[in-house]
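Working notes, beginning with the structure itself.
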Amino acid sequence: MRLKKEIVRVGQNLAASGLVVGTWGNISARDAGRAGFWITPSGMNYAALKTKDLVLIDRQGQIMEGFRKPSTEFLMHLHTYSQRPDIAAVIHTHSVYASAHAVARLAIPGIIEDMVQIIGGEVEVTPYHLPGTQELAEAVAQALAAKNAVLLANHGMVGVGQNLAEAFKVCQIVEKTAQIHTYSRILGTPVFLSNEDIAQMRKGYLENYGQRSAGKEV
Ligand SMILES: [Zn+2]
């Protein structure tokens, strides 16, 4: 129940943050005890969302619990969890600056400290596939193999994390970096961080940042 309450709360925060509008976007969290993940339902406003509206999906993509129709993008979440056993939360948003990059088919380069630390480098754009398809799900999972975020061509973005708080932070930082990248191109020519510096910062984040080593939330 704690996990389901947290998904509902993150949904409200997501709507309040402006990263999604209306009923679009979706959130899921892995439930290790039930060998599946809880996901938001299709087409429901975040303000109206209750824990009973969430749907539990197993590793084969079958509904285990819940009376609602799951998000139409549940395949994207399913494939991402099987690709990344180390993560426990997936959030999909249609945030404006990230989506602008996805429409221009322009990766968000590694340009700023928090972004390369939490994501692990540039955020690439998947080839275009229709929403809700197996093809989109596979392309997203593949792009997330080594990074914590990806842009979906002409659609939006997906962020993942070890918990819901981290996945939400990834979505916020991708949006902030997309905004910074846009402004930096207006002001001049952005200078990208080197791969060596990115690798160093990512390593430092994974090993030392926050209270991770003490087993607390980052
Ligand atoms: Zn979408």
Q.
As a test of the formula, what do you get for the chain when each DSSP H run with n ≥ 4 contributes -39,500 (n - 2.57) and the sum is divided by the residue count, at 222 nm and rounded to the nearest 500 deg cm²/dmol?
A. -13000 deg cm²/dmol
Q: Compute the Cα gyration tensor for the stretch 2-211, then decide on rounded, prolate or oblate, letting a ≥ b ≥ c be the square roots of its eigenvalues: rounded whenever a/c is under 1.5, prolate when a/b is larger than b/c in the other cases, and oblate in all that remain.
A: prolate
Q) Residue separation times 0.36 nm, minus the C-alpha to C-alpha distance between Gln179 and Val103: what's the value? A) 25.9 nm
(Q) P(r) for the stretch 89-218, please, calculated from all Cα pair distances in 5 Å bins and given in %. (A) 2, 12, 20, 24, 20, 12, 7, 3, 0
(Q) Filter the chain for me: DSSP H helices, axial length by Cα at least 30 angstrom, mean Kyte-Doolittle hydropathy not below -1.0. List them by residue number. (A) 164-187
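Each value in this text was obtained by applying a stated rule to the coordinates, not by laboratory testing. Owing to the predicted nature of the structure, the values given are computational and were not obtained by experimental measurement.
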